[in-house]
Amino acid sequence: MSKKGHKSKLWPVYFKYLVNSQTKESLSGTVLDEESKVPLVNSYLFIKNYPEFSWISSDEGAFSIRFPESIKSDTLVVSFLGYKSKEVPLLSFNAPGVKIELDRLMISLDEIVVRPEALQLENLIHDILKNIEINYPNQSHQLSGLYRKISTDYNEFTGLVEAAVTIQDVGYSKSISNSKIQINSFRKGDELAEVDSVYLDYYEKVKARVVDETGIKPISNDLVDLYRQNPARGAYHEDALFTEKGLRMTLIGIPEMPVYHEVVGFELVGNDTVYQIAFGSTDPPLGTSYMKVNSRDFAILEFQQKIFTNADRTDYIEMFVKYGKVEGKYYPEKFVQKKMRFISRDIGGHAMDIHTYWFDEVKTGKFKKIRFKDEEKADENIGSKVYEYNQDIWINSEFLKTHPLDSAIIRSLERYRSLQEQFKINGKK
């Protein structure tokens, strides 16, 4: 069968990120009130260690989900506002049509900072904006972490780029263009996808013509581009996401293009209540775009937005960001950006680049500043540069121990030769 024949049957790309299309599991069932047996409409379900995989139950409380076989030992988390969340091992689902029953959650009002009426979107937007300067850092700081790009083409993983990085930021009230990124160690695998060099040449000429006509240079450096997607980071722009205009457009929309929203669940984290709000162009929202808000300080802890680019919902771009609290401020812990690859005329969700940052260390106060000559330039394409490969640094990398490469990806990338051989050949001699 041709590639075109496969295209309409594709899974979302993140499933291909873990396994090929032949290794998948599925389960279906209903979420019910344990006492009344009434279906819980719009209950929220996600896989515990892969929260990007999420679903919302239908008007009858029904759900049907598919997941990679490689994570079948993980756990399904089910939540509904006003009920105790339930964790169910995926391995325990041995038959279709399973019923998941949730207990009502009896909480005194003193235990929850935000009352239900305060969850009205107008109030929520106001409180988020009022607390941005308190919640996010305005002082200089450094982040240390790991960058990884996984490329896909249909049912195969076709490329890998990894870099240990340091990012120096000047604070969220100043321009993000003043931030600096330094690559401390770099490695790159082979490109296994079918690349149309004629099309790429044409695509580059089109981009150059756009630059000539507009005077605006695109960001060619993937590391710089990904960091500048931080939605909390550009709050000084009037149309940035974490502004009144940005949040209203994202969560409410305009009369001609309304955005629907739904509180789909919550979790208790220490003494705080964290609400999850799904939003999107459908009523109810699909759950693929959402944000998590801490009811105590109104910080956005997670934000994911998935924008479909075709009617079949097979082609899309997606951004996910997660923040963690350090010394009273929220810093990014993880960024994920998924976007289509322009490597041939056959453009779509079958060929994607999945960019990820993990930040495992935050430094404030005094730190060694990144020199101008060592920083990554926005107009440089790291894919075309050759860096020295130091095998010893990567073997002992704490980042890789914390964020290992999935075995399914390794098997796909090692179709012709080992990754170590690829890294050595593609590195600076």
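For the range 64-103, state the average projected area of the convex hull of the C-alpha atoms over all orientations, rounded to one decimal in nm².
For the range 64-103, the mean projected area of the Cα convex hull comes to 3.1 nm².
Helix 121-130 against the longest principal axis of the chain: what's the angle in degrees, Cα atoms only, rounded to the nearest 10? Taking the Cα atoms of the chain, the angle to 121-130 is about 50 degrees. Within straight-line reach of K86, meaning a Cα separation under 27 Å, sit the following lysines at least 8 residues removed in sequence or on another chain: K24, K37, K48, K72, K99, K292, K306, K322, K325, K334. With contacts taken as Cα pairs under 8 Å and at least 6 residues apart, the chain reaches a relative contact order of 17 percent. Using the 1.4 Å probe convention, the accessible area of the range 287-429 works out to 51 Å² per residue with neighbouring protein chains retained. Phi angles of the range 204-214 translate, via the Karplus equation with coefficients 6.51, -1.76, 1.60 and θ = phi - 60°, into HN-Hα couplings of 5, 5, 5, 4, 5, 5, 4, 4, 4, 7, 9 Hz per residue; Gly and Pro are given as x. Across the chain, the fraction of Cα-Cα pairs farther apart than 35 Å, rounded to a whole number, is 33%.
With bins 10 Å wide beginning at 0, the percent of Cα pairs of the range 207-351 falling in each bin runs 10, 32, 37, 17, 4, 0. Accessible surface of the range 37-84, 1.4 Å probe: 51 percent of it comes from carbon and sulfur atoms.
Calculate, in nm to one decimal, what R417 and I219 gain on full extension: separation in residues at 0.36 nm each, minus their alpha carbon distance. Walk me through the numbers before you get to the answer.
Numbers: separation 198, 0.36 × 198 = 71.28 nm, distance 3.24 nm.
Extra length from R417 to I219 when fully extended: 68.0 nm.
Quickly estimate the mean residue ellipticity at 222 nm for the chain, helices only: each DSSP H run with n ≥ 4 gives -39500 (n - 2.57), and the total goes over all residues, rounded to 500.
-5000 deg cm²/dmol
Just checking the listed ones, Y416, Y357, Y316: in the Gaussian network model of the chain with Cα springs under 10 Å, the one fluctuating most is Y416. Close amide H contacts of G348 (hydrogens built in the peptide plane, cut-off under 5 Å, sequence separation of 5 or more or a different chain): R341.
May I ask for the net charge around L102, where only other residues with Cβ less than 15 Å from the Cβ of L102 are counted and Lys, Arg are +1 while Asp, Glu are -1? Here the charged neighbours net out to -2. The string of couplings for the range 295-307 from the Karplus curve (6.51, -1.76, 1.60, θ = phi - 60°) is 6, 7, 10, 6, 7, 7, 8, 9, 8, 9, 10, 10, 10 Hz, one whole number per residue in order, with x for Gly and Pro.
Here the range 173-282 yields Rg over Rh of 1.08, to two decimals, using C-alpha coordinates and the Kirkwood radius. Counting only DSSP beta bridges with both residues in the chain, tell me the antiparallel percent, nearest 5. Bridges in the chain are about 95 percent antiparallel. Each residue, K245 and K130, gets one label point 7 Å from its Cα in the Cβ direction; the gap between the two is 2.3 nm.
In the context of the full protein assembly, I56 retains an accessible surface of approximately 30 Å², using a probe radius of 1.4 Å and ignoring ligands and nucleic acids.
S151 sits among other residues whose Cβ lies under 10 Å from its own Cβ, and their net charge, with Lys and Arg +1 and Asp and Glu -1, is -2. Of all aspartates and glutamates in the structure, those lying under 14 Å Cα to Cα from K180, and not within fewer than 8 positions of it along the same chain, are D169, D222, D225, D374, E375, E376, D379, E380.
The values are calculated or read from the model by the stated rules, or taken from the named source; none is laboratory data. What you see is a predicted model, and the numbers here were worked out from it, not measured in a lab. Glycine gets a Cβ as well: all are built from the backbone with ideal geometry, and neighbour counts include every protein chain shown. These accessible areas exclude ligands, DNA and RNA; they are computed on the full protein's heavy atoms, side chains included. Shrake-Rupley method; radii C 1.70, N 1.55, O 1.52, S 1.80 Å.
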